[in-house]
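The values are calculated or read from the model by the stated rules, or taken from the named source; none is laboratory data. Just so it is clear, the model here is predicted, and its values are computed rather than measured. Here the Cβ is made from the backbone with ideal geometry for all residues, glycine too, and neighbour counts use every protein chain on show.
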């Protein structure tokens, strides 16, 4: 897959003063310049010009390569890089709409953020100065054709400040439960046998996947020039050190771009039709289960989801579901061992009634205490540690992206329980249907927010 580099910069002769930005899009493989863009933007600050350069670069790449392109964004503004990476808060009111616009564009791409020294950002710096020089002479900037690296294919790709990819009105990820859940295994939330799955109805964009900036957490603090030497563990806008591990309330949108984790339970299997416990056993999907996966794929291939990564439990029923969705999205499935179902030991393949008759004491203990394990199986306490470690790794690895995780009843409930800061016993009070969608958004400045739970609207 072709990958790209965006180098962007902005400057102000006076801060605030006459300002301009420049951005260049390069082929990551050979450094060839594919697009150059620059513009004078009147009287602005350094930071505003730097954000405008970033926006122009992102828009140029989207025009060149379309959604989903892989890009490393390189800037010598530590402020912009750290804010866009979600590590620093946005305090300056004038930067908030620019950060929101840049974040909206970035979510359409597969972006990594990289600070570079000013001397390694010469191409973008040159373009910004060319734009300011041209404006001082009363002329618009024109591409010069001089590229710093490789043979250039230059062009004036001027950009405005209209946000792309904004969300429209639409239905939230909610839906009624389909069947009572007695236990916690894959058998416990089975659909009514024989119930057909249909393609999903059109779904409009949802704000829940596009919440980027905390509109209430912005103050008009100092504007910091990219020329300043700023430590990466400092909140430059406020001049105070950022506090790691701070928590939010969930009552308002956090300040950073979310890592969105869409959780999809696999489709129907023969064991779920018969409401049998299905842990590490490996049944295939039924035809109805395949139809459920296809309905989920149809829904998730539309806006606003913008899924960039698909991960799956290694078990066949989850893998098959994930592969159906991934094929629709043009993505590969990444297998995550930690997303497998809990091990139900001797109870594998049995119904709840059979277990109640044969292992009454063990079942009573299991239902009362998450540390109790089925005979020969795995307790929820043990499984939770494995699932939480996997969830943490996914959020760190795919920071700022939208990830679809295809898994099972127990791991999905555990991720939701953890996000809600609920005790493990909360698992006994949660119901999850086959092929149901849930959504957690993780923010670098503290809170994980559950945005949806057990949505099966695509199956109706």
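Listed here are the residues, each with its yes/no results for (1) closer than 23 Å to residue 307 by Cβ; (2) surrounded by fewer than 21 Cβ atoms within 10 Å (Cβ to Cβ); (3) more than 19 Å from the chain's Cα centre (by Cα); (4) not assigned by TED's automatic domain parsing to the domain that holds residue 326.
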{"residue": "359", "(1), (2), (3), (4)": "no, yes, yes, no"}
{"residue": "391", "(1), (2), (3), (4)": "yes, no, no, no"}
{"residue": "399", "(1), (2), (3), (4)": "yes, yes, no, no"}
{"residue": "412", "(1), (2), (3), (4)": "yes, no, no, no"}
{"residue": "429", "(1), (2), (3), (4)": "no, yes, yes, no"}
{"residue": "433", "(1), (2), (3), (4)": "yes, no, yes, no"}
{"residue": "440", "(1), (2), (3), (4)": "yes, no, no, no"}
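Limited to the stretch 40-55, what total is found for residues that are on the phi > 0 side of the Ramachandran plot and buried (at least 24 other Cβ atoms within 10 Å of the Cβ)?
First pass over the stretch 40-55, keeping only residues on the phi > 0 side of the Ramachandran plot: 42.
When the remaining residues are screened for being buried (at least 24 other Cβ atoms within 10 Å of the Cβ), the result is none.
Residues in the stretch 40-55 being on the phi > 0 side of the Ramachandran plot and buried (at least 24 other Cβ atoms within 10 Å of the Cβ): 0 in total.
Could you say whether any residue in the stretch 432-446 is assigned to a helix (DSSP H, G or I) and over 21 Å from residue 316 (Cα atoms)?
Checked against the condition, which is being assigned to a helix (DSSP H, G or I) and over 21 Å from residue 316 (Cα atoms), the stretch 432-446 yields no hits at all.
Looking only at the stretch 322-357, filter to residues that are in a loop (DSSP other than H, G, I, E, B) and within 19 Å of the chain's Cα centre (by Cα); which one of those is farthest from residue 293 (Cα to Cα)?
Our first condition is that a residue be in a loop (DSSP other than H, G, I, E, B); within the stretch 322-357, this holds for 330-332, 336, 340-344, 348-350.
Of the ones still in play, those that are also within 19 Å of the chain's Cα centre (by Cα) are 330-332, 336.
Values: 330: 15, 331: 15, 332: 16, 336: 19 Å.
Top of the filtered list is 336.
Of the conditions (1) touching a residue at least 40 places away in the same chain (Cβ under 8 Å); (2) part of a loop (DSSP other than H, G, I, E, B), residue 422 fails just one. Which one is it?
In the conditions (1) touching a residue at least 40 places away in the same chain (Cβ under 8 Å); (2) part of a loop (DSSP other than H, G, I, E, B), residue 422 misses (1) alone.
Considering the stretch 86-104 alone, what residues qualify as being buried (at least 20 other Cβ atoms within 10 Å of the Cβ) and under 26 Å from residue 70 (Cβ atoms)?
Once the filter is applied, which keeps residues that are buried (at least 20 other Cβ atoms within 10 Å of the Cβ) and under 26 Å from residue 70 (Cβ atoms), the stretch 86-104 yields 86, 88, 90, 98, 99, 101, 102, 103, 104.
Are any residues in the stretch 367-379 surrounded by fewer than 24 Cβ atoms within 10 Å (Cβ to Cβ) and either at pLDDT 95 or above or outside any helix (DSSP H, G or I) (or both), and if so, which ones?
369, 370, 371, 372, 373, 375, 376, 377, 378, 379 - these are the residues of the stretch 367-379 that are surrounded by fewer than 24 Cβ atoms within 10 Å (Cβ to Cβ) and either at pLDDT 95 or above or outside any helix (DSSP H, G or I) (or both).
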